[in-house]
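**Student:** I have a structure here, written as structure tokens, and I will follow up with some questions on it.
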Amino acid sequence: MKILYFAWLRQKTGIDSEDVDVPAEVGDVAGLLDWLKQRNANFAEALSDFESVRVAVNQEFAELDSPVAAGDEVAIFPPMTGG
Amino acid sequence: MTVKVQSEDFDVGAELERLTRDNHNVGGMVSFVGLVRDLGGEDALKAMTLEHYPGMTEKMLAEIEAEAQARWSLEGSLIVHRYGRLEPGDRIVLVAATSAHRQAAFEACAFLIDWLKTKAPFWKLEESEATGARWVEAKSSDDLAAARWRASQEKAAE
């Protein structure tokens, strides 16, 4: 799975893009965020409040219960502020 | 329908000229230009850096334009959005809509910028003398502005 981080999520995690092998039991966005939180203190802090992050799966906006699978491109970012 | 995502500045006149040239069905064009604002005061803005999600940005802007085309009878539409480091007074975004009649163009232009703000994956980092760099937080007023178009669509569907 390819995971991308943007804006303060990129800064807090220290990662902009990575390829990871996620455990088979991770089946949805919430499961993925829970798994990422366990990695280290930076991830735990960045993902402490799911309400403050948005997720896209294969470049489509996703919800916490949206499915994720190996091979997906998942992006994690704050609410958008363009325009 | 045109979408451009670029770091370089754009020429508003040339972009709008391209949108209407040789299309005599166009009776009106409405455009909006967003600029980097410095509200002044003690915490003067030095720069604003726009980050985006290459690939998804272009896809979302194309979807937003397609939605505008579905809702209004348009002759054309345009979104040009910059990324990278910008300074106060710099242009950030240009949206425009053309139609046979002005009302569709006015409404579609407002819709394009309102939806873009909440649906296009851009993030603004502000740098100021006093507080350093900070990420701009999404505004609930932007969500409300976008939601009014959802409400108007439901009303139209009744």
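**Student:** Taking the condition of being within 14 Å of chain A (Cβ to nearest Cβ) and under 26 Å from B:GLN153 (Cα atoms), how many residues in the stretch B:32-66 meet it?
**Tutor:** Matching residues across the stretch B:32-66 total 12.
**Student:** Still on this model: If you take the residues in the stretch B:105-126 that are closer than 29 Å to B:VAL26 by Cβ and touching a Lys or Arg at 6+ places or on another chain (Cβ under 9 Å), which one is nearest to the other protein chains (Cβ to nearest Cβ)?
**Tutor:** My answer is B:LYS117.
**Student:** I've got another one for you. Looking only at the stretch B:127-158, count every residue that is assigned to a strand (DSSP E or B) and more than 10 Å from every other protein chain (Cβ to nearest Cβ) and tell me the total.
**Tutor:** So the answer is 3.
**Student:** So, one more: For the stretch B:17-28, does any single residue satisfy the condition of being in contact with a helix residue (DSSP H, G or I) (Cβ under 8 Å, 6 or more places away or on another chain), over 23 Å from B:LYS119 (Cβ atoms) and part of a loop (DSSP other than H, G, I, E, B)?
**Tutor:** yes
**Student:** Only one of these is among the aliphatic types (A, V, I, L, M), buried (at least 17 other Cβ atoms within 10 Å of the Cβ) and within 18 Å of A:PHE77 (Cβ to Cβ): B:ALA145, B:ALA138. Name it.
**Tutor:** Step by step, each of B:ALA145, B:ALA138 is checked, and only B:ALA138 is among the aliphatic types (A, V, I, L, M), buried (at least 17 other Cβ atoms within 10 Å of the Cβ) and within 18 Å of A:PHE77 (Cβ to Cβ).
**Student:** Considering (1) among the charged types (D, E, K, R); (2) free of Cβ contacts under 8 Å to residues at least 40 places away in the same chain; (3) farther than 29 Å from B:ARG150 by Cα, say which one B:GLU107 fails and leave the rest.
**Tutor:** (3)
**Student:** Considering only residues that are touching a Phe, Trp or Tyr at 6+ places or on another chain (Cβ under 9 Å) and in a helix (DSSP H, G or I), look in the stretch B:77-108 and name the one that is surrounded by the most Cβ atoms within 10 Å (Cβ to Cβ).
**Tutor:** B:ALA105
**Student:** For the stretch B:41-58, check the following and say yes or no: at least one residue is of a type in the set (D, E, K, R), at pLDDT 95 or above, within 16 Å of B:ASP90 (Cα to Cα) and out of contact with any Cys (no Cβ under 8 Å at 6 or more places or on another chain).
**Tutor:** Initially, the stretch B:41-58 is screened for residues of a type in the set (D, E, K, R), giving B:42-43, B:46, B:51, B:58.
Applying the additional criterion that residues be at pLDDT 95 or above yields B:51, B:58.
The next check asks that each one be within 16 Å of B:ASP90 (Cα to Cα); those that pass are B:51.
Among the residues that remain, those that are also out of contact with any Cys (no Cβ under 8 Å at 6 or more places or on another chain) are: B:51.
Within the stretch B:41-58 (the criterion being of a type in the set (D, E, K, R), at pLDDT 95 or above, within 16 Å of B:ASP90 (Cα to Cα) and out of contact with any Cys (no Cβ under 8 Å at 6 or more places or on another chain)), the answer is yes, since at least one residue qualifies.
**Student:** Something else now. Could you list all residues from the stretch B:115-148 that are among the charged types (D, E, K, R), in contact (Cβ under 8 Å) with a residue 24 or more places away in the chain and closer than 20 Å to A:ALA56 by Cβ?
**Tutor:** Within the stretch B:115-148, B:LYS117, B:LYS119, B:LYS124, B:ASP142, B:ASP143 qualify.
**Student:** Run B:ARG82 past the list (1) touching a helix residue (DSSP H, G or I) at 6+ places or on another chain (Cβ under 8 Å); (2) within 12 Å of chain A (Cβ to nearest Cβ) and report the number of the one that doesn't hold.
**Tutor:** (1)
**Student:** Can you report the number of residues in the stretch B:37-82 which are in contact with a strand residue (DSSP E or B) (Cβ under 7 Å, 6 or more places away or on another chain) and small (Gly, Ala, Ser)?
**Tutor:** Of the residues in that region, 7 qualify.
**Student:** Please count how many residues of the stretch A:1-21 are farther than 14 Å from A:ILE76 by Cα and either touching a Pro at 6+ places or on another chain (Cβ under 6 Å) or at pLDDT below 95 (or both).
**Tutor:** Total satisfying the criteria: 0.
The values are calculated or read from the model by the stated rules, or taken from the named source; none is laboratory data. Every value quoted in this text rests on a predicted model; they were computed, and no experiment measured them. Note that we place each Cβ from the backbone using ideal geometry, even for glycine, and neighbour counts take in every protein chain shown.
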